[in-house]
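Visitor: Dumping the structure here so I can ask a few things about it.
No lab work stands behind these numbers, since they all come straight from the coordinates. Keep in mind that this is a model prediction, so the values were computed, not measured. All Cβ positions, even for glycine, are placed from backbone atoms using ideal geometry, and neighbour counts span all protein chains on display.
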Amino acid sequence: MQTIHRRSKGLLGFVENYRRLTRLPAPVCASVSVRELFTDLQKLFPDETIHFELPPSEKTLDVDRAQIEQVLINLLKNAREACSRKSDKKIQVKARKLSAGNTTLTISDNGEGILPDVLDKIFVPFFTTKTSGSGIGLSLCKQIMTLHEGSINVKSEVGKGSSFILTFPK
């Protein structure tokens, strides 16, 4: 009975995660101050190891704030987990305007890094290296960025950390 109960809970969790992944609403975009977005995230993550580089107040993005906030929350939680075994944890969040006119938001950490053979799979739905993860966090991030006509990329070096770069169109 316990095995059946455990499998039932596992299947219900899987179905709920699949439903969340496939029913993502279209973004409702508005002009969002990057400074305000970072300030609000600082309140959610009052950890001194997370440094937000606050951009000038006039830097804005035309995005669905709730969806992009969720992307940033997922990435910050992942960065915190990646640094969990380090005594000198460092997580940095910054915004940059590129010469092409695009804006990037970058979340960098000095955590464990991602193994090269795993790097090309991290955005695949339900792929995870975590024992308690569902494998939809990064897939959801990628889907949200695609809906915003942007992209998400990662640079990682084992033992040195990772950087996730969100690129938004002009």
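Visitor: Could you give the size of the charge dipole of the chain about its Cα centre, using +1 on the Cβ of each K and R and -1 on the Cβ of each D and E, expressed in debye and rounded to the nearest 20?
Guide: The dipole of the chain has a size of about 420 debye.
Visitor: Then there is this: Sort 63-71, 25-33 for me by packing, meaning the mean count of neighbouring Cβ atoms within 10 Å per residue, highest on top.
Guide: Peptide ranking by packing, descending: 63-71, 25-33.
Visitor: Can you classify the range 24-165 as rounded, prolate or oblate using the Cα gyration tensor, where a ≥ b ≥ c are the square roots of its eigenvalues, rounded means a/c under 1.5, and otherwise it's prolate if a/b beats b/c and oblate if not?
Guide: Here the range 24-165 falls in the oblate category.
Visitor: Right, next: Determine the gain in length on full extension of the stretch Ser8-His51; use 0.36 nm per residue of separation and subtract their C-alpha separation, reporting nm with one decimal.
Guide: Separation in residues times 0.36 nm, less the Cα-Cα distance, equals 11.4 nm.
Visitor: Report, ordered by chain and residue number, the lysines lying within cross-link reach of Lys86, taken as a straight Cα distance under 28 Å and ignoring same-chain residues fewer than 8 apart.
Guide: Within the straight-line cut-off, Lys86 pairs with Lys43, Lys77, Lys94, Lys121, Lys130, Lys142, Lys155, Lys160.
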